Each structure stands twice: as C-alpha cells, then as structure tokens.
Amino acid sequence: MIFKENILITLVIFMVLSLFKNSYAAEDMTNYLMTGDSINTPLDGLTGKPERGQALFRNQNKGNCLACHQLSILKDAFHGTIGPSLDQVSQRLTEAQIRLRITDMKQVNPYSIMPGFYRSPKKINRISPLYENSTILTSQEVEDIVSYLMSLKPNSFAEQQ
Amino acid sequence: MITLRAFRYSFLNLVFLFTLFPSTPLRAELISGYEFLSNQAKDMQNDDFQNPGYLMIEKGLEVYNTRGENEKSCNHCHGNNGEKFTPKSIAQFPKFHNLLQAPVTLRDQIQFCWDKRLDNFPLLYDDTDLLALETMIRNKAYGEKVNVDTSGEMQPYYEAGKKFYFTRFGQMDMNCSQCHDVYTGRMLRGQKLSQGQTNGFPLFRLESQKMVNLPQRLRECFHSLRAQTFEQDSNEFRNLEIYLNARGNGLKIETPAIRY
C-alpha cells in the first residue's frame, strides 16, 4: 500500500513539475543566440517562405513594415518614411544581421523606434492583456520575412521597372 | 587669414545670438496639429456649420443651463452662456487646486463644481455631458495662448508627466517622444506625424468620426501601442496632460479642432 501511494505521489509531483517546466518554456519562448549584431541560425531551426514573408511584410496587423519603410517593388498606396528604404537591404546586410534586426532591433540600437517583432514579452512594459505572453510575429513569421528580404535581388527591381 | 576672420566673426555672431535668445536655437518650433491638416480639413475646422464640434458646444450650453439638485446651474456663478469665464484662466489648466491640494484638469474642475456647487452626483469621466461642458468652456478661451504653470507645487506633477512621456509602452514598445519629437513630419504609412500638441482638445477626430477629449485620445494611442491603458482620471494621464499642455505653452487654443 505504502509503496503504491509513494508511486502516486511521485507521479503527481512529476506532473506538477512538468507543468511548471512548460510554463517556464512558454515564457522563454524567444530563445535565440546572438553573435555580435547577428543571429546566425534560423529561429527555432525553421525555414522561411518568401511568399508568406511578402504578405506579412504588408499586413498591418503583422509586420506592418510599410508603416515605416519603403520597398519600391510593392505598389501599396502609402509607404512610411520613418525608417530607411529596404530596397537592396540584402546587399547591405547579411541574412543573420537582418534576422536580429527584425527579431529585436533594440539589441542593435537601444533607442530605436522599430518594434522588436520577436522581443521577449518579459522585456515589454504594460503589454495589453489581449497580447499577453505573445510576440508580434512568431519565429516562423520572422523567418518568412527574412527569406522574403533575402529573395529580393538587385535585378528584381530592374524587372519591375 | 580672411577665412579665419570670417570664422571669428560668425562665431561672435553666434555667441551674440545665444545671449539674445538663450533657448531659441535649442527648442523646436511649436506646430499646431492644424498645420498637418489638408486644406479641406482646415476649412472644416474654421466653418462653424461644418465643424461637428459646434454641435457639442450647443449640447454643452444645454447642460450648462440645466439646474442641479440645488436648483442652481453653472450660470449662477459663470454668467449667461459662460460670459464670466476668463480665457486666461481657462488656458492655465491643469492647475493647482488649493482646496484639493492637487492639480486639476478642466474636467476635474467641472466635476468639482458639479458635485460641490450643484450638489449633483458625479459624472462618469466618459459621460458625454462632461465632454460637452469641457468643449463649451474650453472654446471660451479660443485663440488664447496655452499657459500652464510648471513651477512650485506643479513641478513634481509636471516632472512625472514628462517621465511618462519618455516611457516605452506596450508590445510596440515605443514612447510618445519617438513619434511626436524625433520623427515629426515623417510619414507613418499615409499619415504625417504631428507634434502631438493638445491645443485643439476636445476635438473631432476624422478617423473615428467622434468628439474626444485628451484622455480618450490617449487611450486610442495605448490601443495602437498594444499596451494596457490607464483610467481616464488616473494620476498618470493627469500628469501627462500637465506635461503635454505645458509642452505646447504658447500655442493658441483651437477648441473644437478637427484632427485625423
């Protein structure tokens, strides 16, 4: 009897512990390794899709990148002028550098106005209850946008004009 | 030699200018949100018949003349149609209230009178009657320059508001200053960023087609930042209002303004 109860108690303890482990993992979901001003490996080892990246780039509830940036191959009516044009950004920056800038620009420029799209929610002040414990983009979505920007070669501008 | 001399002269000139206008070259020029409007929206603001704010003023006058629990109405002290209000005094809000020993916004002052002078049950801060009264009274100071005191008893509240202004909020992780100081004049998609001045409040927003007071507008900002907002009569928003109004000291009151 005592033996059985012990097993039961151990099981319960394990279950409770595993619950904690999960919630801890959820809080620290934005795990990535920063090297200098880059993140060298894709977030969560995921592969991005450029077509999805383009949609996220324009979507006002997702990347909303056009709120601040210009990208001349996109014919959307309004492009913001707060950030630099992202035409040929892949010529200026490596994929790994672009990944960090989208993930959390504040690691590069602490005064940046650019939101950290995959910044740890723990570093956010007074996040709305609607967005608790979430990031603006998922790791997959960051990878999609990275792959989209990397797919824009200088000749893809020439083609459109 | 000549260039050196020219340099010396221009340098002296600069020193001279600095002594004449010690703070001018360092302070950004104040620009009312009016300057960021299209011509059509400007015309709308200036036309009493097109500007929906004037309907709110009419409603405000109705409330102004309504008798309270003690049979008095606002006109008992402030005259017919508010003719006894002094624009200079209205332009000083928020200001220190000696009885309450705290700063009060114009809304707080209206609430104070509503309760203590008319014996009425306090209004909710979201109540249209309060918005209407504020619009009507602030309009009495139309054209008067905003003039908020930031010294003495007001100073700690002003400083708290200023600190708030530079604090990042929400998932967008931005502070007020980034949009309204650093990137003023740049385009956020189709919208030119203004200085976020408060001289037009309460105002009619074209985007939501609604009259709003300042805290209501601030709540919309917090929504855009994906941040947990504050209550309309919270100390945080009150302090921020002190900072924002004082930041626009010298701008002319435009209530009821039209803004995007």
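Residue check: is B:L193 of a type in the set (A, V, I, L, M), under 28 Å from A:S134 (Cβ atoms) and either more than 14 Å from chain A (Cβ to nearest Cβ) or within 18 Å of the chain's Cα centre (by Cα) (or both)? Yes; evaluated as a whole, the condition is true for this residue.
Applying the set (1) within 11 Å of another protein chain (Cβ to nearest Cβ); (2) under 23 Å from B:L30 (Cα atoms); (3) open to solvent by 20 Å² or more (accessible area, probe 1.4 Å) to B:S177 leaves exactly one unmet item: (3). Scanning region B:147-159 for residues that are open to solvent by 10 Å² or more (accessible area, probe 1.4 Å) and not acidic (D, E) yields B:N147, B:T150, B:S151, B:G152, B:Q155, B:P156, B:Y157, B:Y158. Scanning region B:197-211 for residues that are within 14 Å of the chain's Cα centre (by Cα) and without any contact (Cβ under 8 Å) to a residue 60 or more places away in the chain gives a single hit, B:T198.
Consider region B:222-231 and keep the residues that are open to solvent by 50 Å² or more (accessible area, probe 1.4 Å) and touching a residue at least 12 places away in the same chain (Cβ under 8 Å). The one that is nearest to the other protein chains (Cβ to nearest Cβ) is B:Q228.
Which of the residues that make up region B:192-221 are open to solvent by less than 20 Å² (accessible area, probe 1.4 Å) and among the basic types (K, R)? The answer is B:R205, and nothing else. Of the listed requirements (1) under 17 Å from the mean Cα position of the chain (by Cα); (2) open to solvent by 20 Å² or more (accessible area, probe 1.4 Å), A:Q70 misses just one: (1).
Candidates A:Y111, A:Y118: the one that is surrounded by 17 or more Cβ atoms within 10 Å (Cβ to Cβ), hydroxyl-bearing (S, T, Y) and within 13 Å of chain B (Cβ to nearest Cβ) is A:Y118.
Looking at region A:106-124, which of its residues are among the hydrophobic types (A, V, I, L, M, F, W, C) and in contact with a Gly (Cβ under 9 Å, 6 or more places away or on another chain)? Once the filter is applied, which keeps residues that are among the hydrophobic types (A, V, I, L, M, F, W, C) and in contact with a Gly (Cβ under 9 Å, 6 or more places away or on another chain), region A:106-124 yields A:I113, A:M114, A:F117, A:I124.
Taking A:I102, is it under 15 Å from the mean Cα position of the chain (by Cα) and either open to solvent by less than 50 Å² (accessible area, probe 1.4 Å) or among the charged types (D, E, K, R) (or both)? So A:I102 passes the test. Residues that are among the aromatic types (F, W, Y) and under 14 Å from the mean Cα position of the chain (by Cα) within region B:125-151 comprise just one, B:Y142. With the condition kept exactly as written, say whether any residue in region B:5-23 is surrounded by 10 or more Cβ atoms within 10 Å (Cβ to Cβ), touching a Lys or Arg at 6+ places or on another chain (Cβ under 6 Å) and either at pLDDT 95 or above or not assigned by TED's automatic domain parsing to the domain that holds B:G152 (or both). No, the conditions are met nowhere in region B:5-23.
The values are calculated or read from the model by the stated rules, or taken from the named source; none is laboratory data. Every value quoted in this text rests on a predicted model; they were computed, and no experiment measured them. When we count neighbours, we look across all protein chains shown, and the Cβ atoms used for this are built from the backbone with ideal geometry, even at glycine. Note: areas computed on protein heavy atoms with side chains; ligands, DNA, RNA excluded. Shrake-Rupley method; radii C 1.70, N 1.55, O 1.52, S 1.80 Å.
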